[in-house]
Every structure is written in structure tokens, then in C-alpha cells.
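Quick note: the coordinates plus some simple rules give every number you see, no bench work behind them. All of these numbers come straight from a predicted model, not from anything done at the bench. When we count neighbours, we look across all protein chains shown, and the Cβ atoms used for this are built from the backbone with ideal geometry, even at glycine.
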Amino acid sequence: MVITVSDELVDDLAGYFGKDYRHVTIPNVIDTSFFAFSLRKPLKDRAFSFCLPAIFNHRKGYDVLFEAFAKLVEVEPYVVLHIAGRGTDGKACRQLMKRYGVEDKVICHGQIDANGMRELYYQSDALVLATRGETQGLVIAEAMSTGIPAISTEGIPASMRLDGGYSYVPVNDASALAGEMLKA
């Protein structure tokens, strides 16, 4: 799909690209045949499972996530959290989990490939992203493609926010995040 830009923007860019310049939006596409819908096992004999596939760093909000998860566990102890991504199986991540007292409820997968990501989504009931800021929340689209709802902070750009199956909370608000996790 070609989206033409305003005449004013074309005039501004003409010196660089000429008057025939046209903007083409090429989004990061989710392969929905790979990240396909899958039914989840009934909750009857298992804990509700959240997942977060994201590199372990401050921007991803793991401190907020673990604080929210600790609050959730106080109210609903039959839950688990799967985390995956570079650093999620490291010492710093484990120390942060211990600080919030959730180390026995969090399963660390470390860095995984696309097949591992898909399997992580398939064994989960909801995705939770406590990000402080993203350019695109691709994990949200991937997770929702597999059939699970997503909970995120408002650190996701408005253009990436999807109607239905997606809840937003303020950035750095562990109580609000825990509340949405409880609703899930």
C-alpha cells in the first residue's frame, strides 16, 4: 500500500528526493501462519501462565513487572511468569526476582529462537509487558496472533495499540499492572 504524504512535506523533502517523493509505510510484519492461533490447555489442573519475551534491561521494566507480579501472587498464588530473552537467565535478573520475592514463581528461559518464542506463547495465557518505552511492541502482535491477550504499559506507541484483547496501564505503575494481570 502506498500512502502519499502531504504536499507540504513533499516540498520540504524535494531538495533531497525530488518532487515525486512518496512515503511508503513498511511495517514489521507478523507471520501469522507461524504465530498462529492455538487453543490453550484448560486451567483446571494448572496455574495461569503469563509470559514476557524481552531482553533483560531497565527499559523493559522488569523491576515494575516483578513488583506487580509479587502483588498479584499475594491475591492469586496459582500463577506463574515465564520470561525469555537475553539476560533473563542471568545473575542480575535473579537478584531482582529475589528482591521482590518471586524467584519461585518465575521461569527463566534465557535467549530463545523464534520456535521457542512460539512455544512460549502457546504455553501462556497472557503476555505482560512493563516497558518504559518501545518503538514497536512486536511481541504484543505475535502473542495476540497466537490467541492470548496482552497487557502493556502506555510505553507502547499509540499507533501500535490494538483494540480488543489488549490492556494498557501507566508506565511505572506496578499496582495498575497487577490489577490488569488479576483481571486476565
task: Express as a percent, rounded to the nearest 5, the fraction of DSSP beta bridges in the stretch 35-184 (both residues included) that run antiparallel.
output: 0
- prompt: Pairs LYS41/LYS71; LYS41/LYS105; LYS44/LYS71; LYS91/LYS183; LYS44/LYS98; LYS71/LYS105: which are spaced more than 21 Å apart, C-alpha to C-alpha?
  reply: LYS41/LYS71; LYS44/LYS71; LYS91/LYS183; LYS44/LYS98
field: DSSP-loop chymotrypsin sites (Phe, Trp or Tyr not before Pro) across the stretch 76-129, with at most 14 other Cβ within 10 angstrom
entry: TYR78
query: So, in nm, how far is label ALA92 from label GLN111 when the simple model puts each one 7 Å beyond its Cα toward the Cβ?
result: 1.4
query: What does the convex hull of the Cα atoms of the stretch 41-184 come to per residue, in Å³, rounded to a whole number?
result: 99
- request: Give the relative contact order (percent, whole number) for the stretch 41-176; include only Cα pairs under 8 Å separated by 6+ residues.
  value: 26
